[in-house]
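Take a look at the structure set out below.
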């Protein structure tokens with residue numbers, strides 16, 4: 001019903017020399033049993049899109065501007081990402097929310113821009129450590145989901161990534177029970193928010209995912225894959241995560 005997805009967010013890392021890691025990843029997974037997407041810096045999107053050849057590797061951007069064009073120095077329109085070869089774009093990552101003051105309304109506008117350009121929006125949600133310790137996790141992610149996911153969202157144009165802020169790049173990972181609680185809550189909330197399409201939107205987990213814990217995370221109900229940061233930069237680190245997701249998908253196959 002929902003194809004498993006392994007997405008890599010390179011953040012502000014990578015130059016043309018890094019594309020050799022993509023070659024190694026494609027060699028390791030020439031016919032992946034799951035969907036693979038890499039979101040490199042904007043400077044590498046076109047080169048990555050050209051390099052994949054006939055391999056079904058998805059390419060994504062890490063952010064986009066809500067408008068299709070205009071006097072917005074340094075920004076990139078969703079249509080520009082699409083023209084460069086991207087089919088996905090991350091919006092609302094916690095680093096954008098924190099470093100650039102992005103609120104839910106702006107995230108929703110960027111998701112709408114992705115839809116307008118014919119791309120899949122990967123909408124990020126997640127609580128801080130303080131919010132987790134105060135018992136406000138579901139309140140926070142519920143509010144973010146309601147306000148960040150635009151009308152018209154479907155399983156075909158939207159992916160939700162739950163990334164607890166306190167787990168990103170820290171090595172700390174929620175328990176599987178905690179992940180299950182949030183993902184189950186998000187699934188129910190999506191169904192209430194967008195109706196029947198809520199069952200088709202993929203829910204990714206993100207935050208210190210690595211080869212050693214991927215299988216355990218992917219066994220959690222309603223975890224359809226992962227949004228991976230640092231471990232996606234090297235094929236040797238990302239490939240075991242993809243393999244674990246492939247194994248999880250194979251177990252679900254009829």
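For region 128-138, a tally of residues being in contact with a helix residue (DSSP H, G or I) (Cβ under 8 Å, 6 or more places away or on another chain) and either free of Cβ contacts under 8 Å to residues at least 12 places away in the same chain or under 17 Å from residue 192 (Cβ atoms) (or both) returns 2.
Counting only helices (runs of 4 or more DSSP H) that sit completely within region 77-140, those holding 1 or more residues that are over 17 Å from residue 182 (Cβ atoms) correspond to 78-84, 94-100, 104-116.
Picking from residues in region 1-17 that are in contact with a strand residue (DSSP E or B) (Cβ under 8 Å, 6 or more places away or on another chain) and surrounded by 18 or more Cβ atoms within 10 Å (Cβ to Cβ), the one that is nearest to residue 90 (Cα to Cα) is 9. Return the residues of region 152-187 that are free of Cβ contacts under 8 Å to residues at least 24 places away in the same chain and part of a loop (DSSP other than H, G, I, E, B); say none if nothing qualifies. Of everything in region 152-187, just one residue is free of Cβ contacts under 8 Å to residues at least 24 places away in the same chain and part of a loop (DSSP other than H, G, I, E, B), namely 175. Exactly one residue out of 90, 76 is under 14 Å from residue 162 (Cα atoms), buried (at least 16 other Cβ atoms within 10 Å of the Cβ), in contact with a strand residue (DSSP E or B) (Cβ under 7 Å, 6 or more places away or on another chain) and at pLDDT 95 or above: that is 90. Scan region 62-74 and give yes if some residue there is within 16 Å of the chain's Cα centre (by Cα), touching a residue at least 12 places away in the same chain (Cβ under 8 Å) and not in a loop (DSSP other than H, G, I, E, B), otherwise no. Within region 62-74, none of the residues are within 16 Å of the chain's Cα centre (by Cα), touching a residue at least 12 places away in the same chain (Cβ under 8 Å) and not in a loop (DSSP other than H, G, I, E, B).
The values are calculated or read from the model by the stated rules, or taken from the named source; none is laboratory data. Fair warning: this is a prediction, and the values are worked out from it, not measured in the lab. With ideal geometry, Cβ positions are generated from the backbone for all residues, glycine too; neighbour counts draw on all protein chains shown.
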